[in-house]
Each structure stands twice: as C-alpha cells, then as structure tokens.
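Below is one structure; the comments refer to it alone.
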Amino acid sequence: MPRFRFEISYDGSDYFGWQKQIDTPTIQEEIEDKIRMVTQISDIDLVASGRTDSGVHARAQVAHLDIDLSESPDRLKKRLNSVLPKSIRINRIEKVNDDFHARFNAVSRTYHYSIAIVPDPLQPLRWNLMKNIDPKKLLSSADDCIGTHDFRPFALMDPVLENCVCTITESRFEETRGGYVYIITGNRFLRNMVRRLVGMMVAIAAEEIEEGSIRKTLEGHPPHKVPSVAPAHGLVLERVGYVDRR
C-alpha cells in the first residue's frame, strides 16, 4: 500500500496532546477522523515522529500514513484543511518510499520554548515571567545541557521506559522582542523534559537555586528539585530532521 508523509502544524492549547485517548480531544484523533470523512476509508493509522504533550504545539510535526488514495496528495491536503479546525493545518502531503518511518527514521527534533519578560497580549504562546531574572545566568545555563546524558531527573517518568539517555546537540537562548526563545535540538526527548529544563534555567536566572544545578544533576549529584515546570503553552515542536532532510 502506498505510504504518504504528512507535515502538520497545530495549536495544541485545546487538545490533550498528539496521541489518541479515550474521551479526550487529541490532534491525532482529530486528523484521523477528518481523513475518514473525506476519503471514506475507515482503517486510518497516522504515525507521528513523536508525541507532543497536552497543550504543546507544533510548527512542523511529521507523520506517515499508508492509504490507497483516489486523488492527488495536494487535493487531499486542500480537502482536509477545509474541514479541520483552524487550530490544525496540513502543510504538505507527499508520497514517500515504503520504508520511510516518521518516528524511527527521524534523527533529530528541535523544540522552541518562548519566554516573555514583558508580557504581550498579541503573543499568547509564551511563558510570561512574573519575576526578575539575571539574563547572563539564563543564557549560560543552556550550555550545561549539551552532550549525551541520562536525563532521567528531568523526565516525567514512564514506568516502561528504561533508557533515558538523550544526545543534545543544540541548547541556547536567543533574545526576542520582550523576551527570549530557548532552542534545543536532540536525537530524542523524554516526557516533560524540555519544560523541566526550562523551569530549572529560569530558577537559576531568578537566583532561586545555584548556578551549575543542571550540570551537577546530569553528573549524578543529588538532583535539585525543579522549583517550577515551565507551562506547556510556550513549547513548540519546530522541526523534525531526517537524513534525507525530509
């Protein structure tokens, strides 16, 4: 059966994450329902590059679907976008090789987390900080995430997850109008990992905990309790990387 690659953007504010759940709205369920509606095909299983948590957004989530289409991918994209809610958009659909796998072929994921020092009502998808922070400490704390580490202390643990080792190749802040955006790229991420890292970085910058707390925790010292986990609405899955750049 032909395989198709989907690139999807969504505002996750009103959804309980990507993955289908019982009696709760999710991104996967919403898209699959609309595919069934427009194609009249009941057997639909959209496989994503990874799950985004409740309230988290995506600019370019990647998924694949095996389906016999009676129309062009571009036509399917237009029909889906006409029935999907405005919070979800299909950016692209294209036919790919049968061995392409949205999750297992992905070599990197990049997340952006937006922080507002000066609240802006026109940019709601940011964490509006109501505390004073030291910008230098905020920016320097990002360096401690680089490398291959066991990120277990920064994950909301899944009892079936045995391996918590992730390789982070990019971790930095960029200044934006009225705040900062944190950019992190890695081969994989654990549940709540980015939000917990951002929460600790802000705590360091607010001088609630000492500098170097992230590095010491990753090195196996007694872990510091994260004073606050950054809220979900500031986090966006920005990009998924593949060897063929698709």
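The values are calculated or read from the model by the stated rules, or taken from the named source; none is laboratory data. Here the structure is a predicted model, which means the values were calculated and not measured. In this analysis, Cβ positions are derived from the backbone assuming ideal geometry, glycine residues included, and neighbour counts consider all displayed protein chains. Please note that ligands, DNA and RNA were not included when accessible areas were found on the heavy atoms of the full protein model with its side chains. Shrake-Rupley method; radii C 1.70, N 1.55, O 1.52, S 1.80 Å.
Annotations
- Subset of segment 158-194 [assigned to a loop (DSSP other than H, G, I, E, B), open to solvent by 40 Å² or more (accessible area, probe 1.4 Å) and either farther than 18 Å from Ala230 by Cα or not hydrophobic (A, V, I, L, M, F, W, C) (or both)]: Asp158, Pro159, Val160, Leu161, Glu162, Asn163, Arg177, Asn187, Arg188, Arg191
- Selection within segment 95-149 - part of a strand (DSSP E or B), farther than 14 Å from Val181 by Cα and open to solvent by 60 Å² or more (accessible area, probe 1.4 Å): Lys95, Val107, Thr148
- Residue check for Ala155: among the small types (Gly, Ala, Ser), open to solvent by 20 Å² or more (accessible area, probe 1.4 Å) and modelled with pLDDT under 95: no
- Val38 meets all of the listed conditions (1) of a type outside the set (Lys, Arg); (2) open to solvent by less than 40 Å² (accessible area, probe 1.4 Å); (3) touching an Asp or Glu at 6+ places or on another chain (Cβ under 8 Å) but one, namely (3).
- Residue under evaluation Leu197, criteria (1) outside any helix (DSSP H, G or I); (2) surrounded by 17 or more Cβ atoms within 10 Å (Cβ to Cβ), criterion not met: (1)
- Flag for Val236 being under 30 Å from Ala48 (Cα atoms), among the β-branched types (Val, Ile, Thr), open to solvent by less than 30 Å² (accessible area, probe 1.4 Å) and not in a helix (DSSP H, G or I): yes
- In segment 1-32, of all residues being part of a strand (DSSP E or B) and out of contact with any strand residue (DSSP E or B) (no Cβ under 6 Å at 6 or more places or on another chain), the one that is most open to solvent (accessible area, probe 1.4 Å) corresponds to Gln21.
- Of all residues in segment 171-188, at least one satisfies being among the aromatic types (Phe, Trp, Tyr), in contact (Cβ under 8 Å) with a residue 60 or more places away in the chain and touching a strand residue (DSSP E or B) at 6+ places or on another chain (Cβ under 6 Å).
- Condition check for Leu69: modelled with pLDDT under 95, among the hydrophobic types (A, V, I, L, M, F, W, C) and either surrounded by 18 or more Cβ atoms within 10 Å (Cβ to Cβ) or more than 17 Å from Lys20 (Cα to Cα) (or both): yes
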